[in-house]
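Novice: Sharing a structure with you now.
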Amino acid sequence: MSTDTVEPTQQAESTEQFETRKRDHIRLALSDDHQTHSLSALEEYQFAHEALPDLNFDDIDIKAECFGQTRETPFFISSMTAGHPDAININHTLAAAASARGWPMGVGSQRRELGDANAHQEWQALRRQFPNLSLWGNLGIAQLITSPLADIQKLCDALEAEAMIIHLNPLQECMQPEGTPNFKGAFQALRKLCLHLPIPVIVKETGCGFSTKTLIRLAQTGVAAVDVSGLGGTHWGRIEGARATGDDKRARAANTFKNWGVTTVDSIANAHTANVPFALFASGGVRTGLDAAKLLALGADLTGFAQPMLAAAMNGEQAVIHLMDALAYELKTTLFCTGCANLQALKENDVWL
Ligand SMILES: Cc1cc2nc3c(=O)[nH]c(=O)nc-3n(C[C@H](O)[C@H](O)[C@H](O)COP(=O)(O)O)c2cc1C
């Protein structure tokens, strides 16, 4: 995510500092201390068990539509890392698995590419190896506000991106010593991007979700999809708090805000209240196929996984594929045990206890 300085007295971040920060993020994201699954509220939703489903498990269909394409599953890899040597291996592993299973993959923030003419090579190499992979670009809102449209187009071109994600992370920008908590002009910048970019624009949070009010405003920007990425999984207040050693003010604030956010479940409910016209993706604390089923039943079109994919990627491509298959199996099991032949039925039938 973003890296500019907040305080004028601070030096611009060096390449070495950038890479250390990205490594810290990966290491800290893997720790349970920075997860909020107990706050996800997913346990409050229970499906009614159907003991007599009139179905053959093998016929259960979990295909989903997204941006005019039919996908084998309603799953995607949520944006994580980019622009440093460790990211190349991680992204290669994730891309290989995503390509094998037909999952779209959001890339990590492409901010580095805005100022480094060589940074896009990471993606060109990946694209050559996985020509059919659906890649979604990624940039923070603070960088969108200050970047010409032509630069955003270049980021998309480097990836041959199917869609462009703009991430919103106000809490992290406040907590991060290198943060850019200046979102002035964000709404107009999003509107302009949606108007001119020839591919769909996705707006996402990074673990703090969305209120009804914000979703209503986003409906006026022309975004194609919102990934609510709510509270219930990786929490950036906690991660930046763990990085804030020697900075009492930020360490204290990170503790104060350690449970901050709207849950993924509530964010999806808010989108219904707002009657939004865009596609709805649910990430943030989705850890099992059953979690995903709940969010799909509540109205999400796709569900995304970040931290679990990162953890699996540490053990290689086969571990990621194994997790992907387990998630699909759990989703199919939920459909069978609720008597739903497909995701449409899961949304339309009376499935709750
Ligand atoms: C190591 C790591 C790096 C991340 N970097 C980005 C990023 O660059 N851009 C972005 O939009 N989200 C980023 N995220 C946020 C995730 O896409 C996701 O919104 C969040 O982690 C919640 O999902 P989870 O609970 O499944 O981890 C990152 C997450 C992790 C774990």
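The values are calculated or read from the model by the stated rules, or taken from the named source; none is laboratory data. Just so it is clear, the model here is predicted, and its values are computed rather than measured. Using ideal geometry, Cβ is built from the backbone for each residue, glycine included, and neighbour counts are taken over all protein chains shown. Accessible surface is based on the protein model in full, side chains and every heavy atom, while ligands, DNA and RNA are left aside. Shrake-Rupley method; radii C 1.70, N 1.55, O 1.52, S 1.80 Å.
Novice: Here are 140, 83: which of them is within 16 Å of the ligand (Cβ to nearest atom), under 17 Å from the mean Cα position of the chain (by Cα) and open to solvent by less than 70 Å² (accessible area, probe 1.4 Å)?
Specialist: 140
Novice: Moving on to the next point. Are any residues in the stretch 220-235 on the phi < 0 side of the Ramachandran plot and open to solvent by 40 Å² or more (accessible area, probe 1.4 Å), and if so, which ones?
Specialist: The answer is 220, and nothing else.
Novice: Going by the conditions given, is residue 152 in contact (Cβ under 8 Å) with a residue 40 or more places away in the chain, β-branched (Val, Ile, Thr), surrounded by 19 or more Cβ atoms within 10 Å (Cβ to Cβ) and in a helix (DSSP H, G or I)?
Specialist: So residue 152 fits the description; yes.
Novice: Now, a different point. Out of the residues in the stretch 98-107 that are small (Gly, Ala, Ser) and buried (at least 24 other Cβ atoms within 10 Å of the Cβ), which is farthest from residue 118 (Cα to Cα)?
Specialist: Within the stretch 98-107, the match that is farthest from residue 118 (Cα to Cα) is 98.
Novice: On the given criteria, is residue 217 open to solvent by 20 Å² or more (accessible area, probe 1.4 Å) and within 13 Å of the ligand (Cβ to nearest atom)?
Specialist: No: the conditions fail for residue 217.
Novice: Please find, within the stretch 190-205, the residue that is nearest to residue 282 (Cα to Cα) out of those that are within 16 Å of the ligand (Cβ to nearest atom) and out of contact with any Asp or Glu (no Cβ under 9 Å at 6 or more places or on another chain).
Specialist: Residue satisfying both the conditions and the ranking: 201.
Novice: Kindly indicate whether residue 57 is hydrophobic (A, V, I, L, M, F, W, C), touching a Phe, Trp or Tyr at 6+ places or on another chain (Cβ under 8 Å) and either over 30 Å from residue 278 (Cβ atoms) or modelled with pLDDT under 90 (or both).
Specialist: Spelling it out, residue 57 is indeed hydrophobic (A, V, I, L, M, F, W, C), touching a Phe, Trp or Tyr at 6+ places or on another chain (Cβ under 8 Å) and either over 30 Å from residue 278 (Cβ atoms) or modelled with pLDDT under 90 (or both).
Novice: Return the only residue of 250, 238 being touching a Pro at 6+ places or on another chain (Cβ under 8 Å), open to solvent by 20 Å² or more (accessible area, probe 1.4 Å) and either of a type in the set (Ser, Thr, Tyr) or in a helix (DSSP H, G or I) (or both).
Specialist: Within the list 250, 238, the selection yields 250.
Novice: Given (1) part of a helix (DSSP H, G or I); (2) open to solvent by less than 10 Å² (accessible area, probe 1.4 Å); (3) closer than 21 Å to residue 260 by Cα, identify the lone condition not met by residue 179.
Specialist: Here residue 179 clears every test but (1).
Novice: Okay, moving on. Surrounded by 23 or more Cβ atoms within 10 Å (Cβ to Cβ) and within 16 Å of the ligand (Cβ to nearest atom), is that true of residue 264?
Specialist: yes
Novice: Which of the residues spanning the stretch 14-60 are touching a residue at least 60 places away in the same chain (Cβ under 8 Å) and acidic (Asp, Glu)?
Specialist: Scanning the stretch 14-60 gives 19, 24, 33, 44, 50, 54, 59.
Novice: Could I ask something else about it? As an exercise: evaluate residue 244 against (1) open to solvent by 10 Å² or more (accessible area, probe 1.4 Å); (2) away from the ligand (no atom under 16 Å from the Cβ) and give the number of the one condition it does not meet.
Specialist: Failing condition for residue 244: (1).
Novice: Across the stretch 290-325, what is the total count of residues that are of a type in the set (Gly, Ala, Ser), surrounded by fewer than 22 Cβ atoms within 10 Å (Cβ to Cβ) and part of a helix (DSSP H, G or I)?
Specialist: Qualifying residue count, the stretch 290-325: 2.
Novice: Do we have residue 346 as open to solvent by less than 30 Å² (accessible area, probe 1.4 Å), in contact with a helix residue (DSSP H, G or I) (Cβ under 6 Å, 6 or more places away or on another chain) and away from the ligand (no atom under 16 Å from the Cβ) here?
Specialist: Criteria met by residue 346.
Novice: Within the stretch 17-67, track down each residue that is farther than 30 Å from residue 332 by Cβ, surrounded by 12 or more Cβ atoms within 10 Å (Cβ to Cβ) and acidic (Asp, Glu).
Specialist: 19, 24 - these are the residues of the stretch 17-67 that are farther than 30 Å from residue 332 by Cβ, surrounded by 12 or more Cβ atoms within 10 Å (Cβ to Cβ) and acidic (Asp, Glu).
Novice: Another one. Residues in the stretch 326-341 that are part of a helix (DSSP H, G or I) and either open to solvent by 10 Å² or more (accessible area, probe 1.4 Å) or of a type in the set (D, E, K, R) (or both): how many?
Specialist: 9
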